[in-house]
Each structure stands twice: as structure tokens, then as C-alpha cells.
Amino acid sequence: IILSKRLFTEDVFTSIHIVEYSIECLRTKNGDEEITRDIPNVSESSKRYLDDEGIIMIGAEVKEGDVLVGKISPKGQVELSSEEKLLQAIFGDKSKNHKETSLKVPHGGEGTVALVKRFKVQDDYELDADVIEQIKVYVVQKRKIQIGDKMAGRHGNKGIISKIVPVEDMPHLED
């Protein structure tokens, strides 16, 4: 199939995809996982759209590697000295006994955040036994038609886009 560049620029065959990303906050033997904005070893640019609770804001333009939900999980119990406990209590440094397990945008998953749903145990939702809360993030992706895409008509005729030619080479005439 050969298409005119006009169809490409006017978004005639552009499709919209909604992708759901989900993360669960679990109750583990080392302690509960926590949804937070204070994630150790993550750059500020990756978490620039997170609110105070660590969840992405609706309408944010996200790209590959951005944090959708900030989450930290407790590591195995390590015996801390009294000085380390005091420093941790003063500065609130959780990086030594917590690891980062955030929900991030995967490869090729850029788009706009359309909806965020948060399900908690106390809200009477049917969650698994060890789940404290579940967060679902819906990202809208706009995808233009490109060479290699398959198209089909309503009568069973189908083909592959092989070339997109300029408007001058494929004009649209009134007759």
C-alpha cells in the first residue's frame, strides 16, 4: 500500500492506545513496603512529576525510565550499631536498609498519564492476603501510521504500508 504524506500529517490513520501499569504494596516478613517520593538513588529528573505521596500526577508527559509510583521495600534485617541507629533517626536515611522497587515506564512506553486508581485494603476492595494497597496507572500513547504497518478494509482486502510519498507525487484531485 502506498500512502500520501497528507494522510500522515493530518493524523488520518493515527491510533490511540491506553496501557495499564500496576504495582502492589506488600506486607513482607522484613516489614511493609512503602509508597513514597523519597526514593534512594533515583535522580530528580526521573521523579519530577511525582506528588507528595510518590504517585504520578494526571496529565504528566512521561518517557522511558520515568518513575510512575515511588516504592521502597525493606531489605533483610541487618544489625545496626548504636551510632548508625542515631544517624538514621536524625537524618531519616533509609537508603541502607531499604531498596528501590518503584514502578517505572518501560522501554518504548512514553505517553500521557490519563488516570490513576488507588485501591486500599480498608476501602473494602478484594486484594490478596499480603497486599496493603494496589495502584494502577493508565498511560495514553498516540501512534502514527508507519512503514510496515498492516491495514485492512472491511471487505477482506489487506496489505502492508510500503511507502509514504510526498503530496506532490500523489495529489488529491476534485474529480
Residue check, Ser73 surrounded by 11 or more Cβ atoms within 10 Å (Cβ to Cβ) and modelled with pLDDT of 90 or more: no
Return the pair list, or none, for Cβ contacts closer than 7 Å from residues in region 41-63 that are among the aromatic types (Phe, Trp, Tyr) to residues that are part of a strand (DSSP E or B), at least 6 apart or on different chains. Tyr49/Ile56; Tyr49/Val62
What number of residues within region 160-175 are of a type outside the set (A, V, I, L, M, F, W, C), surrounded by 10 or more Cβ atoms within 10 Å (Cβ to Cβ) and outside any loop (DSSP other than H, G, I, E, B)? 2
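Among what's in region 18-43 and is of a type in the set (Lys, Arg) and over 18 Å from the mean Cα position of the chain (by Cα), pick the residue that is nearest to Ile56 (Cα to Cα).
Residues of region 18-43 of a type in the set (Lys, Arg): 27, 29, 37.
Those left that are additionally over 18 Å from the mean Cα position of the chain (by Cα): 27, 29.
Values: Arg27: 22, Lys29: 28 Å.
Once the filter is applied, the top-ranked residue is Arg27.
The values are calculated or read from the model by the stated rules, or taken from the named source; none is laboratory data. Note that this is a predicted model, so its numbers are computed, not measured. As a convention, Cβ positions derive from the backbone with ideal geometry for all residues, glycine included, and neighbour counts pool all protein chains shown.
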